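Everything on this sheet refers to the single structure shown next.
No value in this document is a laboratory result; all are computed from the given coordinates. Treat the numbers as computed from the prediction; the structure is a model and nothing was measured. Heads up, the Cβs are rebuilt from the backbone with ideal geometry, glycines too, and the neighbour counts pull from every protein chain shown.
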Amino acid sequence: MGTNGGDGTPGILDGEFDSPRGIALDGNGHVYVADTNNHRIQEFDEQGGHARTIGGFGTNDGEFNAPAGVAIGSHNHLYVADQENHRIQEFAANGIFVRKWGAGQGSGDGEFSFPAGVGIGASGQVYVADAINARVQEFSPSGDHVRSWGTGGSGPGQFNQPTGIAVSGDGHVCVGDRGNHRVQEFTATGDFVRTLGGLGSGDGQLNSPVGVAFGPSGEIYVGDNGNHRIARLVFP
């Protein structure tokens with residue numbers, strides 16, 4: 001997977017990348033990568049072979065401008081945070097465009113400003129890390145706005161450029177709060193639960209965390225961007 005990935009050289013061919021960001025795994029073991037600067041999603045099979053490419057640069061349905069977070073929902077539907085088009089796009093398992101939401105850059109319900117992460121709940125709820133608006137937005141499986149939470153700041157439940165987002169088996173939502181150098185956990189309805197991290201390079205500390213994912217025992221894996229590592233965090 002990634003014929004140029006070994007030496008870090010960017011490329012535009014199938015299996016090559018330019019600043020890949022989000023990654024997700026479907027129920028068949030296929031891997032989806034947000035190939036951000038190539039403005040596309042690449043899908044790979046279980047052996048790492050290139051399966052298909054979705055998208056390309058643009059603003060039309062099925063096109064992207066710097067896609068960031070990706071997630072897999074029911075029936076292996078793919079959800080993409082189309083960051084610089086300020087919208088979320090949904091695709092069927094065969095790569096066909098299904099729907100989008102986010103009517104241009106804005107701060108109203110259902111609008112986005114550089115959405116960076118997307119996560120899917122057990123009942124199909126779609127959670128979006130709305131980075132510049134410093135909030136999380138929740139949508140129904142059909143894209144209807146349900147609720148938002150968070151404001152700009154550094155207190156509990158506040159954000160400074162939330163980026164990565166993941167949903168646990170029990171429905172809790174974990175958010176990589178990049179500018180505050182921490183991870184915050186919330187209930188499925190947005191009630192603050194707890195926080196981990198804080199600026200630093202020691203154990204349990206973070207520096208500009210981006211991607212987050214839950215492990216099988218509830219531990220949290222974090223793309224600790226500023227420390228150039230993956231951090232494994234466990235809530236006490």
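Rounded to whole numbers, the Karplus 3J(HN,Hα) couplings from phi for the stretch 54-59 are 10, x, x, 5, x, 10 Hz, using 6.51 cos²θ - 1.76 cosθ + 1.60 with θ = phi - 60°, and x at Gly and Pro.
Sparsely packed loop sites in the stretch 1-105 (the GluC sites (Glu not before Pro) outside DSSP H, G, I, E and B with at most 16 other Cβ atoms within 10 Å) comprise E46.
Over all distinct Cα-Cα pairs of the stretch 1-140, the Kirkwood formula returns a hydrodynamic radius of 14.8 Å.
Distance distribution P(r), the stretch 83-201, all Cα-Cα pairs, bin width 10 angstrom from 0: 15, 48, 30, 7, 0 percent.
Two numbers describe the Cα atoms of the stretch 139-179: Rg and Dmax, which are 11.7, 32 Å. For the stretch 171-236, would you read off the P(r) tail past 14 Å as a percentage of all alpha carbon pairs? Value for the stretch 171-236: 49 percent of Cα pairs lie more than 14 Å apart.
Given the C-alpha centroids of the stretch 11-44 and the stretch 118-172, what is the distance between them in whole angstrom? Using only Cα atoms, the two centres lie 23 Å from each other. Computed from the C-alpha gyration tensor, the three semi-axes of the ellipsoid equivalent to the stretch 133-227 are 21, 15, 11 Å, from longest to shortest. What net charge do the residues around L199 carry, taking every other residue with its C-beta under 12 Å from that of L199, with Lys and Arg at +1 and Asp and Glu at -1? Charge balance in the 12 Å sphere: 0. Amide H contacts of F112: A103, G106, each under 5 Å away and 5 or more positions distant or on a separate chain (H built 1.01 Å from N in the peptide plane; Pro and chain starts excluded).
Overall shape: oblate for the stretch 33-101, with the ratio a/c of the largest to smallest alpha carbon gyration tensor axis at 1.5 or above and b/c at least equal to a/b.
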